[in-house]
Amino acid sequence: MTIPGFITRNFRLKVGCTVVALVTWVGVVYASNPPQTRVVTVPVPQQRNAIPTKFVLVHPVPDVAVRIGAARDKLNAFNPTALTVNVNWNAVTNPGVQSVPISITSSDPNIELVDPPQSVTAELDVLDSTTLAVTPVITHLPPAGYVIASQAAAPDSVTVSGPHLELSALQAHVNIDLGNNKTNFVQVAPVLIYDARGTRLSDLTVIPASVTVTILVNANITSRSVAVLPSTKGTVASGHILGGITVSPPIVVLSGPQNVLNAYDSIGTSQISLSNLTGNQSFRVNLNLPAGITAAPNVVTVTVVVNALPTPTPTPIPTPSPT
């Protein structure tokens, strides 16, 4: 076969020019969209049903870091959700810190995995459970004058499941705020688990997760002694004067909520009419008690003293002197 002369003429020069042109083109392409790598993090599947039933994770496994490579534009458009981590949890046969095999796949064909990790470190323990009594914890007490009469949770215990080493000295609390509550309290509240140091634990399974808390709130009943102040209306009869008013007993004992009693240093009676009284008189009257307050006794005797005004003595008329 005879090669035409225009091809063979200055063949080396032509090949050299072609190579230079190809290198220049590649350089221009790579300069405008060069290949790059970056690290992305991918969550590690660790659902309870994926782990052998006799084991449980002591701590959650952190996201795994994966280095990927691609042209800059492909890398900028990459969505990390295209990566999937597959964990071989069935390879775990003993509790403790384990190196668990993993594999990583990508659904994006433009992305290359650069030396992907082959395992993750996980700490596992034997799955165990315990029963804890539920204790209502009052974060804020009722307002002044009200007290907690009783409290109960239904059910009064829960079953807590998790790593064997975490199940010692646990406490099950239900936090209740009674800061503005003056009546009986009923509420379904979540059960919170705390360790011996008072740190809340969120990686344990609690059954049931919530309980019904019932708290009886009563007024704080107290007593105090106060003076009795008689209440009167009208005036005594003409020609008479009010000489005095006495009360028997002068002091009574009030009982009721402390916040109500704090406002009373004395207590009044029902009104007594003085109209047209011409002499001493005693009245049996009730005390004017506010709602929720009782008194001992609740009836007192009020004695009204009325005096007659003295009749003026006539001034004698002087005898006229003789002229």
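The values are calculated or read from the model by the stated rules, or taken from the named source; none is laboratory data. Note that the coordinates shown come from a computational prediction; the quantities given were computed from them, not determined experimentally. A quick note on method: Cβ atoms are made from the backbone with ideal geometry, for glycine too, and the neighbour counts reach across all protein chains shown.
Conditions: (1) farther than 19 Å from Ser210 by Cα; (2) at pLDDT 90 or above. Val188 meets all but one. Number of the miss?
With respect to (1) farther than 19 Å from Ser210 by Cα; (2) at pLDDT 90 or above, Val188 is out only on (1).
Testing Val126 on (1) among the β-branched types (Val, Ile, Thr); (2) in contact with a Pro (Cβ under 6 Å, 6 or more places away or on another chain); (3) over 30 Å from Gln98 (Cβ atoms), one condition comes back false. Which one is that?
(3)
Would you mention how many residues in the stretch 274-323 are of a type in the set (Gly, Ala, Ser) and either part of a loop (DSSP other than H, G, I, E, B) or free of Cβ contacts under 8 Å to residues at least 40 places away in the same chain (or both)?
We begin by selecting, within the stretch 274-323, every residue of a type in the set (Gly, Ala, Ser); these are 275, 279, 282, 291-292, 295-296, 308, 321.
Those left that are additionally either part of a loop (DSSP other than H, G, I, E, B) or free of Cβ contacts under 8 Å to residues at least 40 places away in the same chain (or both): 275, 279, 282, 291-292, 321.
So the count comes out to 6.
Output the residues belonging to the stretch 181-193 that are assigned to a loop (DSSP other than H, G, I, E, B) and closer than 30 Å to Asn49 by Cα.
We begin by selecting, within the stretch 181-193, every residue assigned to a loop (DSSP other than H, G, I, E, B); these are 181-184, 191.
Val191, the sole residue that qualifies.
Enumerate the pairs (first residue in the stretch 117-130 and within 10 Å of Gly162 (Cα to Cα); second residue anywhere and exposed (fewer than 15 other Cβ atoms within 10 Å of the Cβ) and basic (Lys, Arg)) with beta-carbon separation below 9 Å, excluding pairs fewer than 6 apart on the same chain, so at least 6 apart or on different chains.
Listed pairs, sorted by first residue: Val126/Lys54; Leu127/Lys54.
Take the conditions among the hydroxyl-bearing types (Ser, Thr, Tyr) and either crowded, with 16+ Cβ neighbours inside 10 Å or in the same structural domain as Thr37 (by TED's automatic domain parsing) (or both) and apply them to Ser210. Does it pass? Walk me through how you get there before you give the answer.
Values: among the hydroxyl-bearing types (Ser, Thr, Tyr): yes; either crowded, with 16+ Cβ neighbours inside 10 Å or in the same structural domain as Thr37 (by TED's automatic domain parsing) (or both): no.
Against the criterion (among the hydroxyl-bearing types (Ser, Thr, Tyr) and either crowded, with 16+ Cβ neighbours inside 10 Å or in the same structural domain as Thr37 (by TED's automatic domain parsing) (or both)), Ser210 does not qualify.
Show me the strands (runs of 3 or more DSSP E) entirely contained within the stretch 194-271 in which 2 or more residues are in contact with a helix residue (DSSP H, G or I) (Cβ under 6 Å, 6 or more places away or on another chain). Quick ask: steps written out before the conclusion?
Working: elements: 205-207, 210-219, 221-233, 240-248, 251-257.
Once the strands (runs of 3 or more DSSP E) in the stretch 194-271 are filtered for at least 2 residues that are in contact with a helix residue (DSSP H, G or I) (Cβ under 6 Å, 6 or more places away or on another chain), what remains is 221-233.
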